[in-house]
Structure formats: C-alpha cells, structure tokens
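All remarks here apply to the structure that follows.
The values are calculated or read from the model by the stated rules, or taken from the named source; none is laboratory data. Quantities reported herein were computed from a predicted structural model and do not represent experimental measurements. Cβ placement follows ideal geometry from the backbone for every residue including glycine, while neighbour counts extend to all protein chains displayed. The area values use the complete protein model at the heavy-atom level, side chains included, leaving out ligands, DNA and RNA. Shrake-Rupley method; radii C 1.70, N 1.55, O 1.52, S 1.80 Å.
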Amino acid sequence: MARVPCTHCHLEFDESVMIIEDEGEEKHYFCCKGCQGVYHLLKSEGLDTFYDKLGKQTLEPADKARAKKDDLERFDLEGFHKKYVRQTAEGFNEIHLIIEGIHCSACVWLNEKVLHQTDGIIEATINYSNNKAKVVWDLEQINLSKIIETIRNIGYNAYPYDPALQEERAIKTRNDYYSRILVGVFATMNIMWIAIAQYAGYFTGMEQGHKNILNIAEFILATPTLFYSGWIFFRGAWFGLKNRFINMDVLVSVGALLAYIYSIYAMITLKGEVYFDSVTMIITFVLVGKYLEVLSKRQAVDTLDKILGSMPTEATVVKNKEKALVSIENIEVGDIIELKPGEKVALDGVLRQGNALFDESPLTGESEPILKEPQDEILSGTICLDSVIRYEVLKRVDESLLHQITELLSDAVTKKPRLEQLANVISGYFSVVILSIALLTFAGWLWYSGSFERALIVSISVIVIACPCALGLATPMATLVGISQSAKRGILFKEASQLETLAKSNILAVDKTGTLTEGRPSVISFHTQNGFEPTLLFSLVSNSKHPISQGVAKYLKERYENITPIELEEFKAIQAKGVVGKYKGAKLAGGNIALMQSLNIDCSFKSQESLFIFAIDGKVVATIELRDRLRDGVFETIKTLKEQGVKVVMLTGDNESIAKRIAKEAGIDEIYTQLLPQDKAKYIEKFHKEGKIVVMAGDGINDAIALAQSDIAIAMGSGADIAIEVSDVVLLEDRPEHLADAFKIAKRTFRNVKQNLASSVLYNTIAVPLAVLGYVNPLIAALSMSLSSLFVVGNSMRIKLKKG
C-alpha cells in the first residue's frame with residue numbers, strides 16, 4: 001500500500017490507515033481526528049496560508065467569512081479536545097482561546113460579563129495585553145461549541161490559542177488598522193487645508209459658489225473616513241448597544257455621524273456651516289489612539305509563544321523494531337522513544353540505551369552539558385547533543401516537566417492584574433452621561449426656541465466638544481513618549497501600560513547572580529601544596545563551561561604565561577559538584593567539598609566564599625576561593641530606589657552567608673536564601689497578598705516563574721532567552737543604573753498621564769456646560785476639541801525635556 005502525507009501535518013503513513021475525505025475532485029488524507037478537526041478549523045477561518053509555512057502548496061482558498069454555525073461542531077470533536085482542552089483537578093474542562101475583535105478594554109469587560117452569565121462556565125478571564133482568554137466550563141452543562149457561538153453572537157470570534165498562528169493574525173490586525181489610519185490621515189490633512197479657507201470665509205465672507213465647491217470637496221474626503229476608517233467604532237457601537245452596553249464607540253459614532261448628517265443637510269439646503277472637518281478629526285484622532293494601543297502590545301508573539309512554539313509536536317516511537325513519528329499527545333507511558341543529536345526531549349523518561357551529553361540550559365540555565373547514562377532521568381525540554389539514544393516514557397505530555405512549566409507561566413500571565421476594568425466603568429458612565437446631557441439639551445432647546453435646527457446644532461456641539469479624543473490620547477501619547485525616551489537609554493518596555501504599573505509599584509524583588517553581581521566568579525585566594533601541576537588543573541577546568549571552572553581557568557592564564565591545555569585521557573562533569581578526569585593514569589578531581597566527599601578525599605576546608613578544590617590521586621594539592629563581584633553602580637541604584645519609596649528585597653538560591661555579604665555591599669536589608677524557582681514565585685504571591693505591587697528583576701531561567709508571577713518583570717539583556725521572553729521590561733545593557741532609570745521614567749510618565757487626564761476632565765467640566773447653554777457652535781466645538789487634544793500632545797512632549 002502506498003504511503004501518503006497527511007493534509008494537515010504532512011507526515012506520511014500507509015493509505016490504509018488514513019481518514020479519507022473527498023472534496024470535489026480532490027482527496028484529503030488525515031492521520032487522526034485531531035488533524036482533521038484542525039484542518040477544517042483553519043480552512044473555515046480563512047487561514048490556509050498556514051500550510052505555506054509548512055512548505056506545502058496552498059490549498060484552494062476557503063471562505064474568508066467567519067465560520068458558520070454548521071462549523072461549530074468541529075469544536076466538539078474528540079481530536080480537537082485532545083489537542084487543545086485539558087482537565088482541571090476538579091474535573092472541569094479548560095481551554096486557552098484568542099478572542100478576535102477586541103480593540104478596547106470595554107470589549108474585554110463585555111466578553112467576560114457575557115461569559116460569566118452563561119450557565120456552565122466556571123471561569124472566564126481575558127488578558128487585554130494579548131487577547132488571550134482562559135475559559136473553564138462544565139461539560140455536563142455546556143459544550144465548547146456553544147461557548148464559541150456565544151462569543152460570536154456578541155460580535156467577536158474565538159479560536160484555540162496556537163503559537164504557530166499568532167504572528168499571522170497579529171500582522172493581519174496591524175495592517176487593518178494601518179490602512180484605515182492612512183485613509184483618515186490623508187483625508188484629515190487635506191480637509192484641514194480646505195477648512196482654513198472655510199474658517200476665513202466664515203469671518204470675512206465668501207461667495208456661495210466657492211463655498212459650495214469647498215463643501216463638496218470636504219464631503220468627498222469625509223465620507224470614506226467616516227465609513228471606512230470609522231467602521232471599527234460603528235461595529236463596536238452596534239454590538240455594544242445590542243448587548244445593552246454604552247461604550248466610547250457609541251459616543252464617537254454618534255458625534256461623528258450627527259456632524260456628518262447635519263453637514264450634508266447644511267450643504268444641500270445652503271443653511272448654516274458644514275463640519276466635515278470635525279468628522280474626520282473625530283474619527284482619525286481616536287483611531288490613532290487605538291492604533292497606538294495595538295502597537296504597544298507585546299510583539300507578534302506573546303510571552304509564551306516562543307517557549308510553546310519550540311516544544312516538539314511529535315517524536316520517533318520504536319515498536320517491534322519499527323520506527324514511526326507519533327504526535328506527542330498520542331504517546332503513552334512505557335513507549336520507547338529514539339532521540340537523535342540536536343533533537344529536543346518531548347516527554348519525561350528514563351534512559352534505556354546509549355550515552356549522550358544533554359543541554360539542560362533551557363530548564364536550569366546551566367550552560368555545561370550533562371552526561372546521561374542508562375537509568376538516568378531524562379527531562380522534557382532538554383536537548384540531546386552528541387549521540388543517538390533511546391529512552392522509556394515515564395509521564396504523558398500533560399504531566400511532563402516542560403508542560404508544567406508552561407502551564408505555570410500561562411497561569412501567571414493570565415493572573416496579571418488588569419486595572420482596565422476601572423477604566424471600562426468610567427468610560428461607560430462618561431458615554432451615558434454625555435449622551436443623556438445631549439438628549440436633554442436637544443429637548444430643552446427645542447422647547448425653548450422652537451427650532452429643530454438650533455436644537456440639533458447645540459446637541460451636536462455637546463457631543464463633539466465632549467468627544468473623548470483628549471481622554472483617548474491622554475494615556476497612549478504620554479506612554480509613547482515615555483517608551484521612546486526609555487529606548488534611548490536601552491530600556492525596552494514590551495507594553496505601554498506597564499509604565500503605569502511600574503510607576504505604582506512599591507517593592508522590587510531582585511535575583512542575585514547576574515542581576516546584582518556580574519555572574520563571573522573571580523579568584524580571590526589561591527593556595528597550593530606539594531605535587532600541584534598547573535597544567536593539569538588548567539586542562540581539567542578548560543573542558544568545563546561552568547562559571548567557577550571558567551573563573552579558575554582565567555586566573556591560571558593570567559598567573560602562568562604561555563600555559564596551554566593538554567589532552568586528557570578521560571573527562572566527565574558531575575552535576576552540582578565539579579569535574580573529574582585522568583591523565584597518564586593519574587586521577588584528577590576538581591570541584592566543591594561535596595565532590596571530594598563523594599570520592600572519599602579527606603578535606604576539612606571551610607569558606608564563606610565559593611570554594612574550588614583540586615586533587616590528584618586522592619590528595620588535595622590546591623584550594624581556590626572565588627567571589628562573584630557586585631556590579632558597578634548597584635549600591636547607588638539601590639539607594640536611589642529607596643529614595644523613591646521602593647522597598648528592595650533579594651530572592652536567591654545561594655547559601656545564606658554569600659547572600660548576606662552581597663546584600664550588605666548592595667545596601668539591601670531583606671533577603672531570602674536557598675530558594676527554588678517555585679519558592680521565588682511563592683514569595684511574589686506573598687507580597688501580593690500583603691497588598692504590594694511587585695516588580696521582579698532577574699536574568700535566569702530559574703527566575704522565569706517568579707518573573708511571570710510579578711506585576712512587572714524586568715530582565716537583564718544578557719540573561720536567558722526565556723527570562724527575557726517572559727519579562728515586561730528588558731535592560732539591553734547590564735547597567736544597574738538603568739533599573740533606577742526605568743522607575744524614574746515610569747513615574748514621570750505616569751505623572752504626565754494624570755496631568756493629561758486632569759486637563760481633559762477640567763476641559764469637559766468647563767466646555768460641556770458652555771455648549772449646553774448654546775455659547776459654542778459645532779465649529780468652535782471641533783476647534784476646542786482639537787485644541788484639547790493638541791494640549792495633551794504638547795504636555796506629553798514635556799517628558800523629553802526633563803533630565804535624570
């Protein structure tokens with residue numbers, strides 16, 4: 001029987017075992033129900049280009065519209081659930097979804113509210129920074145397809161979180177905003193030139209024929225801006241009203257649409273003035289604010305995508321002397337997996353055949369390869385470096401270490417505090433109040449003057465003058481300037497909203513090694529005895545990449561000129577202890593006291609520093625003390641942070657004596673020592689329960705869980721890749737003073753945001769009553785609105801003028 005590739009995953013199997021579907025003249029083959037379900041989901045979502053990235057020719061284009069209700073049944077397929085849904089400890093189902101169509105914090109509030117009111121849904125939380133939703137539901141009360149249908153019914157779409165598709169969807173969203181902004185900016189720039197002539201004619205007089213031509217030109221420019229660029233707001237307003245929620249989209253849409261309708265009326269009847277310029281400015285200014293939010297979100301891939309995207313999706317399973325690539329979800333405990341050099345371990349197990357060096361740095365941060373022999377434990381996420389081995393699976397994919405780490409990180413990110421809920425409530429009340437005032441104003445003026453036109457003009461003035469352009473720009477404009485200033489100093493914020501959180505923070509937890517210290521131990525004392533051979537020691541430590549060994553090697557090169565390593569007959573690294581080798585029959589050993597004790601070598605040395613002992617044939621011939629130096633500027637940085645009201649604590653895995661010495665040199669009073677990665681995360685949670693807003697600074701993979709658990713995570717640029725990916729702020733240069741600079745800029749920016757918001761509130765407090773009383777027409781209202789926005793922009797630029 002011929003072998004054919006699976007239409008989705010492209011793995012080849014015998015045709016006899018494939019699921020076959022006929023689509024017209026074309027046949028599709030699927031190796032499992034999971035591939036079948038995902039293929040149809042991708043096709044229904046119009047994401048056929050995913051297969052281009054797999055190296056396969058594009059399939060026939062699917063319908064680009066959202067999936068119809070007939071397609072909802074695919075979310076209940078067994079293969080779909082096996083791939084994306086997991087069981088909680090309580091027996092409920094849990095899935096991570098991406099909610100498509102969210103463009104403001106009100107959207108988050110609406111989705112969470114509707115889902116919480118749906119029977120059978122236990123938990124529904126949405127992270128606005130990446131639109132990722134965590135949904136927990138009772139399968140006995142509601143199916144996943146019904147949950148997806150509920151989300152679609154309120155104007156959004158949902159699909160399972162898959163890191164392989166995130167970049168494509170993010171680019172699609174940014175391009176959509178970009179094209180709409182281009183239209184709006186082009187129209188606004190041109191319409192303002194026309195408006196100058198209109199304003200001049202308003203005060204000095206203008207022939208009606210010339211005025212009509214200018215009105216028509218403005219109408220032509222304003223129409224695509226309102227209905228194309230502003231479609232986002234009309235859509236949001238419609239679904240908001242449909243669900244009995246008045247959001248800022250309603251206010252923007254009503255103000256712009258009424259101004260547009262009245263302008264058409266004025267243009268046709270030749271009565272009054274047109275306000276097409278107000279229409280374009282309302283839409284364009286607010287749309288730019290929305291776009292700034294999109295740009296300020298995390299990069300194309302969120303904090304977990306790099307970790308999850310690098311996870312193996314299949315492994316080579318050996319059964320009855322035959323090898324087959326099997327999806328990791330289908331691998332059972334007891335299966336034998338073959339691993340080749342360069343491949344990553346997919347599931348936890350125990351080595352059964354062969355020996356190989358493994359790179360465990362993705363998990364432990366330890367750069368030195370570890371030799372694994374039969375019966376040794378193999379951890380998922382580690383990489384086989386130099387041999388073909390076979391190991392027995394001990395844990396399923398959802399129980400393996402790498403999966404547990406990613407789940408912890410995912411939960412930590414989901415639980416990040418979202419202060420946007422308060423903004424949702426405020427914006428909702430603001431919109432309701434302004435619309436109510438506008439309606440009352442219209443009724444009052446209609447009764448008072450008896451003129452429909454007068455009443456309409458005044459009510460439009462109320463809506464336009466209170467248009468939340470300044471409110472919409474108050475935060476993103478200031479944060480954009482703050483981010484640009486930070487970038488000039490090598491401080492990268494991955495999300496604009498983190499400036500506000502950092503400014504409000506009151507406790508900083510720091511890792512020791514690599515953050516406060518250089519992470520490169522230096523020799524501070526070197527004692528030798530009879531029989532010491534520097535060449536043998538140099539040869540031994542040169543084969544190791546451990547920081548302690550590298551520190552010794554560096555010292556030997558400086559002390560003994562022209563020293564060169566010789567080839568050892570044997571060499572082996574012993575994890576967490578040191579290195580051993582053999583040269584011309586002589587047994588060499590170098591490492592800590594634990595290594596000496598395991599080799600029954602007598603030593604009674606004690607030290608407050610890192611200790612390296614070198615022995616030849618069981619006799620100690622050298623003792624070396626090393627110290628990891630404090631980074632330059634750390635003391636001054638800690639002092640500055642304390643002056644800003646930030647409490648600094650140290651969380652480290654090192655022993656107490658070394659940690660106390662470093663803390664004393666740095667000026668830190670509170671330290672916690674000998675902590676595992678999960679212990680650091682527990683302390684972060686403890687600080688949260690005390691009401692603290694916590695910032696965590698670290699550089700290693702062992703800091704990743706604590707970094708994700710904190711409100712703000714700061715990573716040093718030279719740190720581990722995963723630590724940088726999980727972080728919110730990255731310091732490109734390993735200079736401690738940049739840590740203090742990040743706090744300074746954040747506090748300065750947040751102070752500026754509060755000034756912007758205060759000025760916007762003050763403006764509305766004064767301007768709205770004047771508009772209600774009829775002292776402001778739509779033309780002046782539009783100008784006032786523009787000036788209020790320009791004030792916000794100008795005030796934000798002041799951040800650049802401040803030094804220090």
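Observations on the model:
- Taking each residue of segment 616-635 that is among the aliphatic types (A, V, I, L, M) and looking for partners that are crowded, with 21+ Cβ neighbours inside 10 Å and part of a loop (DSSP other than H, G, I, E, B) with beta-carbon atoms closer than 6 Å, six or more apart or interchain, yields Leu626/Pro521; Val634/Pro736.
- Residues in segment 600-632 that are closer than 21 Å to Glu518 by Cα and in a loop (DSSP other than H, G, I, E, B): Ser607, Gln608, Glu609, Asp628, Arg629, Arg631, Asp632.
- Test for Gly645: is it touching a Leu at 6+ places or on another chain (Cβ under 7 Å) and surrounded by fewer than 22 Cβ atoms within 10 Å (Cβ to Cβ): no
- Which numbered condition Gly444 misses (of (1) open to solvent by 40 Å² or more (accessible area, probe 1.4 Å); (2) modelled with pLDDT of 90 or more): (1)
- Some residue of segment 522-532 being touching a helix residue (DSSP H, G or I) at 6+ places or on another chain (Cβ under 9 Å) and within 30 Å of Glu690 (Cα to Cα): no
- Counting only strands (runs of 3 or more DSSP E) that sit wholly inside segment 497-599, those with at least 3 residues that are over 35 Å from the mean Cα position of the chain (by Cα) are 522-528, 570-574, 578-583, 586-591.
- So Thr173, is it exposed (fewer than 15 other Cβ atoms within 10 Å of the Cβ), among the polar types (S, T, N, Q) and at pLDDT below 80: no
- Scanning segment 187-196 for residues that are open to solvent by 40 Å² or more (accessible area, probe 1.4 Å) and touching a residue at least 12 places away in the same chain (Cβ under 8 Å) yields a total of 2.
- When the strands (runs of 3 or more DSSP E) confined to segment 668-755 are screened for residues that are aliphatic (A, V, I, L, M), under 22 Å from Glu636 (Cα atoms) and modelled with pLDDT of 80 or more, those reaching at least 2 such residues are found at 694-698, 712-716.
- Members of segment 522-553 that are touching a Pro at 6+ places or on another chain (Cβ under 6 Å) and open to solvent by 20 Å² or more (accessible area, probe 1.4 Å): Ser542, Pro547, Ile548
- Residue within segment 294-303 that is closer than 23 Å to Tyr228 by Cβ, at pLDDT below 75 and within 33 Å of the chain's Cα centre (by Cα) present: yes
- Qualifying residues in segment 325-339 (those that are in contact (Cβ under 8 Å) with a residue 24 or more places away in the chain and assigned to a strand (DSSP E or B)) - the one most open to solvent (accessible area, probe 1.4 Å): Leu325
- Filtering Leu651, Leu588, Leu641 for residues that are of a type outside the set (Gly, Ala, Ser) and at pLDDT below 90 leaves a single hit, Leu651.
- Cβ-Cβ contacts under 6 Å between residues 6 or more apart (or on different chains), taken from a first residue in segment 1-30 that is exposed (fewer than 14 other Cβ atoms within 10 Å of the Cβ) and of a type in the set (D, E, K, R) to a second residue that is part of a loop (DSSP other than H, G, I, E, B) and modelled with pLDDT under 75, are listed as Asp14/Met1; Glu15/Met1; Glu15/Ala2.
- Residue among Ala589, Ala663, Ala615, Ala622 that is touching a His at 6+ places or on another chain (Cβ under 8 Å) and of a type in the set (A, V, I, L, M, F, W, C): Ala622
- Residues of segment 111-151 satisfying the condition of being closer than 24 Å to Glu78 by Cβ, charged (D, E, K, R) and either within 25 Å of the chain's Cα centre (by Cα) or in a strand (DSSP E or B) (or both): Glu123, Lys134
- Residue match in segment 628-648 (condition: at positive phi and in contact with a strand residue (DSSP E or B) (Cβ under 8 Å, 6 or more places away or on another chain)): no
- Qualifying position, being hydroxyl-bearing (Ser, Thr, Tyr), farther than 30 Å from Leu773 by Cα and at pLDDT 75 or above, among Ser451, Ser486: Ser486
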